[in-house]
1. Examine segment A:43-64 for a residue that is away from chain B (no Cβ under 14 Å), surrounded by fewer than 14 Cβ atoms within 10 Å (Cβ to Cβ) and not acidic (Asp, Glu), and state whether such a residue exists.
2. If you check D:Thr18, D:Thr33, D:Thr3, which single one turns out to be farther than 27 Å from D:Ile239 by Cβ, surrounded by 15 or more Cβ atoms within 10 Å (Cβ to Cβ), among the β-branched types (Val, Ile, Thr) and in contact (Cβ under 8 Å) with a residue 40 or more places away in the chain?
3. Check whether at least one residue in segment D:105-120 is more than 25 Å from D:Gly242 (Cβ to Cβ) and either out of contact with any Cys (no Cβ under 6 Å at 6 or more places or on another chain) or not polar (S, T, N, Q) (or both), and report yes or no.
4. Determine which single condition B:Ile148 fails, assuming it passes every other condition in (1) buried (at least 20 other Cβ atoms within 10 Å of the Cβ); (2) farther than 18 Å from D:Ser126 by Cβ.
5. Of everything in segment A:161-184, what is out of contact with any helix residue (DSSP H, G or I) (no Cβ under 9 Å at 6 or more places or on another chain) and within 12 Å of another protein chain (Cβ to nearest Cβ)? Give them in sequence order.
6. Name the one entry in C:Glu103, C:Glu49 that is acidic (Asp, Glu) and in contact with a strand residue (DSSP E or B) (Cβ under 6 Å, 6 or more places away or on another chain).
7. Could you list all residues from segment C:21-30 that are under 16 Å from C:Glu230 (Cα atoms) and either within 14 Å of chain D (Cβ to nearest Cβ) or crowded, with 21+ Cβ neighbours inside 10 Å (or both)?
8. Testing A:Ala245 on (1) within 14 Å of chain B (Cβ to nearest Cβ); (2) touching a strand residue (DSSP E or B) at 6+ places or on another chain (Cβ under 7 Å), one condition comes back false. Which one is that?
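The values are calculated or read from the model by the stated rules, or taken from the named source; none is laboratory data. Nothing here was measured: the structure is a model prediction, and the numbers come from that model. So basically every Cβ, Gly included, is an ideal-geometry build from the backbone, and we count neighbours across all protein chains shown.
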There are 4 protein chains.
Amino acid sequence: MTTCKIQCHLKYKIVQATEFVFLIQAAHHPDQTIIEEQLSFNPPIAWREFHDPSQQNRYIRLHVEACDSFEVNYCATVERHSVINLDLQQNLNEVAIPDLPDEVLPYLLASRYCNSDLFVEMANRSFGWMEQGYSRVKAIEQWIYNNIFYVSGSSDQFTTATDVLIHRAGVCRDFAHLGIALCRALGIPARMVVGYVEIENFLPDFHAIFEAYLEGGWVLFDPTRLAPVENLIRIGTGIDAGDVAFSTFYGEIELIKIEPIITQKLDD
Amino acid sequence: MTTCKIQCHLKYKIVQATEFVFLIQAAHHPDQTIIEEQLSFNPPIAWREFHDPSQQNRYIRLHVEACDSFEVNYCATVERHSVINLDLQQNLNEVAIPDLPDEVLPYLLASRYCNSDLFVEMANRSFGWMEQGYSRVKAIEQWIYNNIFYVSGSSDQFTTATDVLIHRAGVCRDFAHLGIALCRALGIPARMVVGYVEIENFLPDFHAIFEAYLEGGWVLFDPTRLAPVENLIRIGTGIDAGDVAFSTFYGEIELIKIEPIITQKLDD
Amino acid sequence: MTTCKIQCHLKYKIVQATEFVFLIQAAHHPDQTIIEEQLSFNPPIAWREFHDPSQQNRYIRLHVEACDSFEVNYCATVERHSVINLDLQQNLNEVAIPDLPDEVLPYLLASRYCNSDLFVEMANRSFGWMEQGYSRVKAIEQWIYNNIFYVSGSSDQFTTATDVLIHRAGVCRDFAHLGIALCRALGIPARMVVGYVEIENFLPDFHAIFEAYLEGGWVLFDPTRLAPVENLIRIGTGIDAGDVAFSTFYGEIELIKIEPIITQKLDD
Amino acid sequence: MTTCKIQCHLKYKIVQATEFVFLIQAAHHPDQTIIEEQLSFNPPIAWREFHDPSQQNRYIRLHVEACDSFEVNYCATVERHSVINLDLQQNLNEVAIPDLPDEVLPYLLASRYCNSDLFVEMANRSFGWMEQGYSRVKAIEQWIYNNIFYVSGSSDQFTTATDVLIHRAGVCRDFAHLGIALCRALGIPARMVVGYVEIENFLPDFHAIFEAYLEGGWVLFDPTRLAPVENLIRIGTGIDAGDVAFSTFYGEIELIKIEPIITQKLDD
């Protein structure tokens, strides 16, 4: 068990009145326990939290008038008790589609950035012959790691999984999109997970990985290999980057500072 | 008030064992009352109904082994009491984003076939200057009707709203996708509606239109202009065609017959 | 040396007056000698031949008024003296760009269906590390053969090399486009070659392969592996399928019959 | 008649040995006479000029080893005698395809950035009903001017005409690509023209416009409306931006300075 301290500081200039939906708080999830957390805005402002019915993401919604400085501050202490038993994990089977729970089926559908319907041939050609199970998803993760370059600025908010497949470069969200698209094309439910994680030699930023539904539940994979998946403090879960952006906004803003920081100490 | 009789007959050859999710039953919705309905399969088979938490679609899920003939039969009597007050409708305003209910926000996001994030410039250039409200969405409907050809076979299951914008041809689902993408790009929540409707000179088929969220709720639009929107018996509501297909399947099948029939009689 | 007999019979219904550009005659090329040839139209019609200045393709141009039947008949006897010395070929180097002749440079540029500019990362990642020369282009040919399915009807006239890379299926023109795109992305000039070849178990049709510019000149490759490249009687050479279609037309027609036949007999 | 003074100064850091093809000299063209010109490189280097057989562009080819500074200097005095007779021009007809010269036909084909094959429906729907001739191409120019924003940095070297149609923003090359694609889709040959022109309030840069083939020959159009087309000193003519880049290079460079300057004085 590990205790982590999260601090997230965002600063904006609000050029025109803007409606925000933030997704920055640690999730309530079996793998982690929020010991304490604090969310504040400067200047102070009314806000509310709402949850989507499928994924239980903790969306924060608020409206800010034009101003030179609007700050979001979140800090939390979270206990991570995700103990991954690799021996166990390596033997997980895939779940035959008839055995998938109803609520997992939507994660087989193509989405804006994970256009898995276009990957059916490629996925089957490259991974269809492999033995099903954890090792097949691991092979996808490995293929992405081997074949896609991690290049900051090589993609943008319009980049889809097929774009990544062609250009062979992207950032963490693109790696996750490609992994998700390949899994769905093979009939393996998959979705995006965003969270806090410490990555050596990288500026603090949010991280995106993916999880695939195998026997026994969702299993995390990170094709960037930038940090162990069990180090991630989970914020939310999404169909793709579209519904788990740390900030969705309607208005006109300038992002001045983004600083999600996570520090951990092993408990005694 | 109108009473409609729906009959839907589907026939498949099941080449390999297949998991089906059907969406063919009339929806439980304020605009219509299901007086009676009957769903049966030949050969008979175990099935279950499940609902997605956001849209309350009535998905039917079942598993069929390989066989030469598998038939789905649905019939229902539905009372449609959607009385559209055009005078009222024409004066509806759009809803400012801060005033949108939380559960409506997802209908602003780009989706696989409604890639609205790519339409922001075009939508604002063409419709951004117009007076906001019902008349603006009506102008979008009119523009699509004027500029897109209805051509059977001109699109396929991969066709997106940008494809339609370029090729200028499609079928009902493509018209709806384009309408939805343009609305979302302007900040107007929009989603797909599928249902039964009688269209003169067309073979019986399911129909797809869209609805936009305006002051007071969701309002129906049909850019194909093939039938009055108030004639539609609603089956379901979706982000785009991906989650409201009449049949989603995993396996190998041949569709032999598809025959959704609707007949109506005006009540005395 | 081999003598081949070519017969090409095309039949059209001309719905509206149509301007045709045909490219169906055997090319004047060092690898082959046209012993005799005959081109005729039924009904007879005025036509002229013109050559493009770069590629010396033998375009036939003519104008046909509306009629129920318009036939094109071409037959030729061609000696093929393309003796491929595999030992020699296997040792061919690539040509450094500074050493490429001026007239070869255009075959490095991206074209409509060979969008090689999008392949730079992928090509370098997959083939950039290999030893340069004939074996590298052969590796590209092999990769396409291994990873793309030959499926009639899986592509259309809009299909580009990136589409093929994603969908992993196509016909001969698509295989050639992908080979060309990958070569150009690596700095190896490449172009499409169309011609007559006999393919077992296939209906008679034109074939498309590609050639890459290596030390000593252009070398043929066929990623479909459907027939030995030295069996091809060459019709023309193009940037991509756009400028070597067997028929380019402006008007309205129905293609009733297409039958390019090639038979060969080994000389004594 | 107007006499113009052109100065073009380019400066590069050559990171790795690079092969260049420059296209920066004034063209030999009936609309203009080169009175004198001077091309030099610093440090001095061997170079040669070659012309493509179709378009007679004056390509300069040279090889530069790695160095901190490599400069290209071109200056010329050019007399422009393009007197446009607007009265005459406004009455120009289109040329029926059977009457097009053979060498003009390639300008009907789709190219990498002018993917006109995708525009057939849209072009015919929007412009097909108009009276044919100069006024129709002018209507295309006007439509682009009205519907596309000129935004520096809104496009890149991969941007095609369909991308521009969707995003509704671009720079001069994108405006030209869209005009060319629309013309070709309507059966009007069209091609890109690059040159020197003075544009108020813009930093010095090369400009791209397009010309369409009408009765009597090629006619210039500029959908950006940034400068009168008759002010342009022509450098070259291309299928699209791919073959008329001012610099095509194979190697690794940094562009330090680009400064094409044109000044004109009316002759007495």
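1. Yes: one or more hits.
2. Numbers: D:Thr18 fails: farther than 27 Å from D:Ile239 by Cβ; D:Thr33 fails: farther than 27 Å from D:Ile239 by Cβ.
Among D:Thr18, D:Thr33, D:Thr3, only D:Thr3 is farther than 27 Å from D:Ile239 by Cβ, surrounded by 15 or more Cβ atoms within 10 Å (Cβ to Cβ), among the β-branched types (Val, Ile, Thr) and in contact (Cβ under 8 Å) with a residue 40 or more places away in the chain.
3. no
4. With respect to (1) buried (at least 20 other Cβ atoms within 10 Å of the Cβ); (2) farther than 18 Å from D:Ser126 by Cβ, B:Ile148 is out only on (2).
5. The answer is none; no residue qualifies.
6. Checking each option against the conditions leaves just C:Glu49.
7. If the condition is that a residue be under 16 Å from C:Glu230 (Cα atoms) and either within 14 Å of chain D (Cβ to nearest Cβ) or crowded, with 21+ Cβ neighbours inside 10 Å (or both), then C:Ala26, C:Ala27 are the ones that fit.
8. Evaluating A:Ala245 over (1) within 14 Å of chain B (Cβ to nearest Cβ); (2) touching a strand residue (DSSP E or B) at 6+ places or on another chain (Cβ under 7 Å) leaves (2) as the failure.
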